[in-house]
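For reference, the structure discussed in these notes is given below.
The values are calculated or read from the model by the stated rules, or taken from the named source; none is laboratory data. Model, not experiment: these values are computed from the prediction. Cβ coordinates were reconstructed from backbone atoms using ideal geometry, including for glycine residues, and neighbour counts include every protein chain displayed. Note: accessible area is taken over every heavy atom of the protein model, side chains too, but ligands, DNA and RNA are not part of it. Shrake-Rupley method; radii C 1.70, N 1.55, O 1.52, S 1.80 Å.
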2 protein chains.
Amino acid sequence: MTGFQPLKPDPELDLVLERTVDVPRELVWKAWTTREHLMKWFTPVPWKTVDCEIDLRPGGIFRTTMRSPEGEEFPNTGCYLEVIENEKLTWTSALEPGFRPSTADPGPVGYFTAVISLEPHGEGTRYTATAIHTDVASRKAHEEMGFHDGWGKALDQLVEVVKKEMHGRAFIRARGRQ
Amino acid sequence: MTGFQPLKPDPELDLVLERTVDVPRELVWKAWTTREHLMKWFTPVPWKTVDCEIDLRPGGIFRTTMRSPEGEEFPNTGCYLEVIENEKLTWTSALEPGFRPSTADPGPVGYFTAVISLEPHGEGTRYTATAIHTDVASRKAHEEMGFHDGWGKALDQLVEVVKKEMHGRAFIRARGRQ
């Protein structure tokens, strides 16, 4: 009831990717919360996101399927916890949709909770992605799997997709004026 | 973003206690969300609730310590997921405060999520408590530990505490008119 509180990551347990990007936060939000958009950028190439399900409410499903260059598929199912439009998106792999505790094997990283925080920064966005782990070993495993590189590359792809869309819109507007 | 959706329990995995009680839902809500009130009714006698911490927001702590008649103490730490005043209170033992996935040993019941739903019913309240488990074995273990009896007795105690408070208030009002 006391509302949105700033996140204080624990450096022993959490991983943080913080960047400023030159696209507006409404479009970053849209890229994270719309199936068609997310599938275009979510997985660093040459991996692909081949399926995605988004039910954007606390308790709703967030499911993605990633495909390796060799064609192996890796489904992930999580549950949204916080959906604060254009500001904060939180989900966890520790719960299935409807807040049911998960029994899926979480692999070496273990269950984790992810928080995407967006703040306006001039015409752009201050972007903070935080991964919250159970213990030091999980945090280290995620770090060694390439958290910073992977989430950073995905963000680059997100920005590229958003810019293409912005240019597309500008083109349509320009044509409309002809 | 689509807001509050009704819960559809799975009879294989979930346990439900549904009752109508003759106290207003605002006071049932208060009994569930205020430390001083909760400690008076939360644990069926002769057990006691000897400590409680409530940070009433999604991600906030919900911690209680129960003491057996023999003096053994059982602490439980959970995390609130949904806090919709006078309507719905959801928390889970699968997450620690700040949405961090838990590593605490959950015992035979396993991790579970609990939902308290309140609807007005005349001057009283339609009260629904749902416990959401990972699998059939967890649901059965919770049932055999006496879910219906335990949660039912606790609700009786809650109603008693609320009524005492209502009579206290009426007494104070009556004195004020003398």
Take the residues in the stretch A:19-54 that are closer than 17 Å to A:LEU89 by Cβ and in contact with a His (Cβ under 8 Å, 6 or more places away or on another chain), then tell me which one is surrounded by the most Cβ atoms within 10 Å (Cβ to Cβ). A:ALA31
Which ones in the stretch A:108-118 are more than 10 Å from chain B (Cβ to nearest Cβ) and touching a helix residue (DSSP H, G or I) at 6+ places or on another chain (Cβ under 7 Å)? A:PRO108, A:VAL109, A:ILE116, A:LEU118
When the stretch B:95-104 is checked residue by residue, the ones that are surrounded by 23 or more Cβ atoms within 10 Å (Cβ to Cβ) and either more than 7 Å from every other protein chain (Cβ to nearest Cβ) or without any contact (Cβ under 8 Å) to a residue 40 or more places away in the chain (or both) are B:LEU95, B:PRO101
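For every residue, the table says whether it meets (1) surrounded by fewer than 13 Cβ atoms within 10 Å (Cβ to Cβ); (2) acidic (Asp, Glu); (3) within 14 Å of chain B (Cβ to nearest Cβ).
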{"residue": "A:PRO106", "(1), (2), (3)": "no, no, yes"}
{"residue": "A:GLY122", "(1), (2), (3)": "yes, no, no"}
{"residue": "A:THR125", "(1), (2), (3)": "no, no, no"}
{"residue": "A:THR130", "(1), (2), (3)": "no, no, yes"}
{"residue": "A:VAL136", "(1), (2), (3)": "yes, no, yes"}
{"residue": "A:ASP149", "(1), (2), (3)": "yes, yes, no"}
{"residue": "A:GLN157", "(1), (2), (3)": "no, no, no"}
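A quick yes/no check of all residues on (1) hydrophobic (A, V, I, L, M, F, W, C); (2) under 15 Å from the mean Cα position of the chain (by Cα); (3) assigned to a loop (DSSP other than H, G, I, E, B):
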| residue | (1), (2), (3) |
| --- | --- |
| B:VAL23 | yes, no, yes |
| B:LEU27 | yes, yes, no |
| B:LYS30 | no, yes, no |
| B:LEU38 | yes, yes, no |
| B:VAL45 | yes, no, yes |
| B:GLY59 | no, no, yes |
| B:GLY71 | no, no, yes |
For the stretch B:46-61, give me each residue that is within 13 Å of another protein chain (Cβ to nearest Cβ) and on the phi < 0 side of the Ramachandran plot. B:ILE54, B:ASP55, B:LEU56, B:ARG57, B:PRO58, B:GLY60, B:ILE61
Can you report the number of residues in the stretch B:109-122 which are of a type outside the set (A, V, I, L, M, F, W, C) and closer than 25 Å to A:PRO97 by Cβ? 5
So, of the residues in the stretch B:108-120 that are outside any strand (DSSP E or B) and at negative phi, which turns out to be surrounded by the most Cβ atoms within 10 Å (Cβ to Cβ)? B:TYR111
Would you please list the contacts, defined by Cβ atoms under 9 Å and residues six or more apart or on different chains, that run from a residue in the stretch A:76-94 that is touching a residue at least 40 places away in the same chain (Cβ under 8 Å) and over 14 Å from A:ILE54 (Cα atoms) to a residue that is part of a strand (DSSP E or B) and of a type in the set (A, V, I, L, M)? A:ASN86/A:LEU118; A:GLU87/A:LEU118; A:LYS88/A:VAL115; A:LYS88/A:ILE116; A:LYS88/A:LEU118
Enumeration of residues in the stretch A:69-91 that are farther than 21 Å from B:LYS8 by Cβ and open to solvent by less than 10 Å² (accessible area, probe 1.4 Å): A:LEU89, A:THR90
Within the stretch A:73-94, the residues that are over 17 Å from A:HIS142 (Cα atoms), within 7 Å of chain B (Cβ to nearest Cβ) and part of a strand (DSSP E or B) are A:LEU81, A:GLU82, A:VAL83, A:THR90
What about A:GLY168, is it in a helix (DSSP H, G or I) and at positive phi? no
